[in-house]
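Notes for the one structure printed next.
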Amino acid sequence: MSDLQGKILKILQNGGFHSGESLGRQLSVSRTAIWKQLQTLEALGLELESEKGVGYRLPDSFELLNKATILNHIADSHADVSCKLEILQSIDSTNRYARERAEGKTISGAVVLAENQTAGRGRRGKTWVSPFAANLYMSIVWDFDQGAEALQGLSLAVGVGVRRTLVELGLQGIQLKWPNDIYIGGKKLGGILIEMIGDPNGHCTAIIGIGLNVAMPSLAAQEIDQAWTDLQSQSPLPISRNTLTAKLVVTLFDLLKDFQSVGFQAYRDEWEAADLLSNLPGTVSTVKETISGIVLGVDDSGALRLALPNGAVQQFIGGELSLGPSL
């Protein structure tokens with residue numbers, strides 16, 4: 001974000017309408033220069049409200065991430081959290097940025113946030129729609145010393161942690177879809193993307209990406225190819241992105257500190273109680289095959305259990321699960 005854009009947003013944050021002329025006068029630039037900066041912000045996904053002859057204003061839900069505010073919320077929780085927090089205005093992907101920072105370095109406990117992602121990613125390279133200052137785009141760096149085996153079920157456990165945080169904020173009806181999605185009312189609210197670097201059999205680092213829809217602008221939502229929802233439409237109270245971030249960090253750091261010693265089995269019952277597709281027909285698609293059956297939940301490692309038509313139970317450690325046809 002340019003210095004001028006930051007100054008414009010600071011003025012607009014009072015919630016009132018401001019004309020291009022008044023903004024230009026306050027900032028000693030032309031109305032055309034103001035218009036160009038507003039166009040750039042809208043291209044990043046910021047949905048400004050405008051009224052002819054009156055000017056522009058920010059939506060009521062607008063809130064910039066603030067490092068001091070987040071750290072103060074964490075301190076107020078009295079949790080034992082040492083958080084290395086970085087907030088970026090715009091980046092292609094917080095996971096990509098965090099992964100590059102972690103290569104060859106020890107930065108376990110680092111948290112990367114962004115106001116906007118230009119190339120946000122979901123699983124299997126899918127695009128994650130990431131408009132400016134609307135949702136939560138976060139990556140956590142965490143070291144493990146037992147290799148890839150210690151990461152089994154980690155994305156599911158993180159889902160449990162995200163759900164705990166949202167329940168604490170007053171959300172109800174939150175469900176989890178194997179292996180890494182957050183749902184409310186049958187609509188997708190968020191997702192988790194975990195990548196690993198380092199030694200698969202020894203010291204390794206997990207890059208834990210979390211995306212949550214907080215106040216999705218209608219224009220940006222047109223790019224989403226599935227049923228979706230956001231916290232703004234589901235919560236009985238306004239959700240502060242700074243408060244949400246702090247609570248997620250406290251909950252997830254506590255979970256990650258214990259995960260290597262207790263494994264996913266410590267979170268299995270909680271995950272299965274929130275399973276979106278439990279006992280429903282489901283279809284698992286992998287790079288090699290597509291198999292349908294009845295979803296039986298997961299095992300202690302987080303592998304999906306699917307009852308096949310022939311009575312056998314097959315387990316899957318990876319793949320894409322969708323609601324399948326009745327058998």
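Throughout, read-outs are computed from the coordinates displayed, never taken from laboratory work. Because the structure is predicted, anything quoted here is derived from the model rather than measured. With ideal geometry, Cβ positions are generated from the backbone for all residues, glycine too; neighbour counts draw on all protein chains shown.
Give me the log10 of I(q) over I(0) for segment 3-57 at q = 0.13, 0.14, 0.21, 0.22 Å⁻¹, as the Debye formula computes it from C-alpha points; what are the numbers?
Ignoring solvent entirely, the Cα scatterers give -0.25, -0.30, -0.71, -0.79.
Classify segment 227-282 from the C-alpha gyration tensor, please: rounded if a/c falls under 1.5, else prolate or oblate depending on whether a/b exceeds b/c.
It comes out oblate by the Cα gyration axes.
Say we join alpha carbon atoms closer than 10 Å with springs in a Gaussian network model of the chain; which of TRP128, TRP35, TRP271 then has the biggest fluctuation?
TRP35
I want the local charge near THR229. Using Cβ-Cβ distances under 10 Å, sum +1 for each Lys or Arg and -1 for each Asp or Glu among the other residues.
+1
Using all alpha carbons of segment 134-205, what is the percent of pairwise distances in each 5 Å bin, ordered from the shortest bin to the longest?
Taking all Cα pairs of segment 134-205, the binned fractions are 3, 15, 23, 22, 16, 11, 7, 4, 0 percent.
Can you tell me which lysines have their Cα less than 29 Å from the Cα of LYS188? Leave out same-chain residues fewer than eight positions away.
Result set, ordered by chain and number: LYS67, LYS126, LYS177, LYS247, LYS257, LYS288.
What GluC sites (Glu not before Pro) in segment 215-319 are in a loop by DSSP, with at most 15 other Cβ atoms within 10 Å of the Cβ?
Taking segment 215-319 and a limit of 15 other Cβ atoms within 10 Å, the loop GluC sites (Glu not before Pro) found are GLU223, GLU289.
Going by average Cβ density within 10 Å per residue, which order do the peptides 203-211, 36-44, 296-304 take, highest to lowest?
Per-residue mean Cβ counts within 10 Å order the peptides as 203-211, 296-304, 36-44.
Amide H to amide H, which residues 5 or more places from GLN89 or on other chains are under 5 Å from it, using H placed in the peptide plane?
GLU115
Among DSSP beta bridges whose residues both lie in the chain, state the antiparallel percentage, nearest 5.
85 percent
Using helices alone, I'd like the mean residue ellipticity at 222 nm for the chain: each DSSP H run of four-plus residues gives -39500 (n - 2.57), total over residue count, nearest 500.
About -9000 deg cm²/dmol.
In the Gaussian network model of the chain, springs joining C-alpha atoms below 10 Å, which of VAL112, VAL249, VAL262 carries the largest mean-square fluctuation?
Looking only at VAL112, VAL249, VAL262, the biggest GNM fluctuation is shown by VAL262.
If you place +1 on the Cβ of every Lys and Arg and -1 on the Cβ of every Asp and Glu, how big does the dipole about the Cα centre of segment 225-327 come out, in debye to the nearest 20?
Dipole magnitude for segment 225-327 comes out near 140 debye.
Using bins 10 angstrom wide from zero, how does P(r) for segment 277-323 break down, in % of all Cα pairs?
30, 62, 8
If I take the Cα coordinates of segment 213-258 and project them onto the principal axes, what are the three extents in Å, biggest first?
39, 24, 15
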